[in-house]
Amino acid sequence: MNTTLPYNNNLNDENSKPKQKQSGSSSSSLIVYNKYILDRKLYNWPFPISLTMIHMSFCSFLAYLLVKVFKVVELPSTMTRDLYLKYVVPIGALYSLSLWFSNSTYIYLSVSFIQMLKALMSFVVYSIRVLYTGRGENKGGF
């Protein structure tokens, strides 16, 4: 059984540039907003796990609307319960853990330092890829 889903890896076309700018600006505003909510001097909400739950609930609701109501994304017809539990649930669980830990950092770190770490992550991921694969170029695959 083929479990491969279609994926468009063309990130350098002209249509993707406005999306990249929008993603960068919304990401920065989300960092500042989360810092405002979790900072002890400002809003003083010391529960990053509840903020993570709100994020995940909103994302789930939005994904449900886009997939089931507006039919923006077509679901693969081969999605079985076992396939869902094997591939989708672990990614969701790891993503929510990552979101929880990243929200926890807003209590202890400044926004400028978080922005610097975020900008550094692409270099770290690339370095790990080169370290494990021995090559840095992308030849059509992941």
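Read-outs throughout are calculated quantities, based only on the coordinates presented, and are distinct from any laboratory measurement. Everything numeric here is computed off the predicted structure, so don't read it as measured data. Here Cβ is always computed from backbone atoms with ideal geometry, including for glycine, and neighbour counts include all displayed protein chains.
Using alpha-carbon pairs under 8 Å, 6+ residues apart, how would you state the relative contact order of region 27-132 in percent?
Relative CO of region 27-132 lands at 37 percent.
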Checklist entry - Any idea what log10 I(q)/I(0) is at q = 0.15, 0.21 Å⁻¹ for region 27-132, Debye with uniform C-alpha scatterers and no solvent? => result -0.85, -1.14
Checklist entry - What FRET efficiency would be calculated for the residue pair Met53, Arg135, taking the C-beta separation as r and a Förster radius of 30 Å, to the nearest 0.05? => result 0.15
Next on the checklist: Within region 27-132, count lysine pairs with alpha carbon atoms under 30 angstrom apart where the residues are 8 or more positions apart or belong to different chains.
Outcome noted: 5
